[in-house]
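Trainee: Take this structure, written in structure tokens, and hold onto it; I'll ask about it next.
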Amino acid sequence: MSFSAPKKLALVLGVCLFLLACAPKHEYRAIPVRSMDTYFNRVDFDGVSLAAEAYHDDQVIKERFGYNVKKAGVTPINFIAENDSDDTLIILPGPTMRDAKGQVWDLLPQHVVVNRVSEFTGSAGVSGRDGVSRTAKGAVVGAVLGAALGIATGSNVGAAMGKGAAMGGAVGAGSAIMGVGGKDRTGEVAADYSNLAALQNILEPGQSTHGLLYFPGEADRPTRLNLKVRIGHDGKTKTVVLPL
């Protein structure tokens with residue numbers, strides 16, 4: 001079966017657009033929080049309520065984030081706290097997460113979270129976790145466009161592909177410096193993930209807080225969140241275990 005030049009051009013351009021559409025894209029999404037009494041793992045003590053929800057199911061993660069952030073190397077846990085006591089609630093730093101293999105994981109540093117998400121979504125224009133850099137992807141797309149150019153103009157398709165690959169590589173390299181859309185979007189990712197992770201760690205009576213805690217994606221299925229809290233600045237430290 002043979003195709004005319006216009007049909008070949010349309011086919012090649014369609015393949016190119018498909019390749020571009022397959023890349024995950026970062027966009028800010030608000031994470032909903034349910035009423036405290038709906039969490040099965042809710043822990044109550046001295047007028048304080050704590051709960052957490054781990055995002056491990058692939059479909060749920062995609063619905064929440066728009067793409068599978070777990071494949072980017074990040075395991076998110078939504079944490080909720082309500083202080084109905086008569087004193088200040090202090091959530092101490094250093095929560096840990098235990099997985100199904102019995103391994104205990106510390107929080108990912110903020111810059112690591114941003115780097116992993118930026119790389120996976122191409123927001124920083126650097127190599128993704130699939131090992132294919134934006135420069136290489138640019139060369140592939142450029143070669144496809146080069147072929148389309150050769151078909152459209154009737155010139156040597158092989159030569160056009162070579163030129164297209166070179167141009168695509170240059171565009172990919174430029175994207176690696178400037179980011180998607182001609183600007184560095186790493187800052188956008190950093191701002192979004194900083195907002196999502198922002199937990200108020202000192203709660204006065206009547207206050208509540210919620211936010212995402214980010215643990216390594218290398219962890220197995222999360223089974224519990226361990227954290228330490230204190231009621232009152234001079235109160236005793238209490239260890240809280242939240243099943244996940």
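No lab work stands behind these numbers, since they all come straight from the coordinates. This structure is a prediction, so every number in the text was calculated from the model and none was measured. With ideal geometry, Cβ positions are generated from the backbone for all residues, glycine too; neighbour counts draw on all protein chains shown.
Trainee: Any chance you could check the Cα centroid distance between region 76-108 and region 200-244 for me, in angstrom?
Mentor: Spelled out, the Cα-based centre of one part sits 2 Å from the other.
Trainee: Still on this structure: Would you list 221, 98 from fewest to most Cβ contacts within 10 Å?
Mentor: Ranking 221, 98 by Cβ neighbours within 10 Å, fewest first, gives 221, 98.
Trainee: So who's got an amide H within less than 5 Å of the one on residue 220, skipping anything under 5 residues away but keeping other chains? H placed 1.01 Å off N, in plane.
Mentor: 100, 101
Trainee: Would you pull out the residues with amide H under 5 Å of residue 244's amide H, same chain only if 5 or more places away, H placed 1.01 Å from N?
Mentor: Distant-sequence amide H within range of residue 244: 224, 225.
Trainee: Next question, about the same structure. List the residues, sorted by chain then number, that are 5 or more residues from residue 46 or on another chain and whose placed amide H is less than 5 Å from its amide H.
Mentor: The answer is none.
Trainee: Shifting gears a bit: Checking the table 101/236; 71/228; 62/101; 71/238; 101/238 against a 27 Å threshold on Cα-Cα, which pairs fail?
Mentor: Listed pairs above 27 Å: 101/236; 71/228; 71/238.
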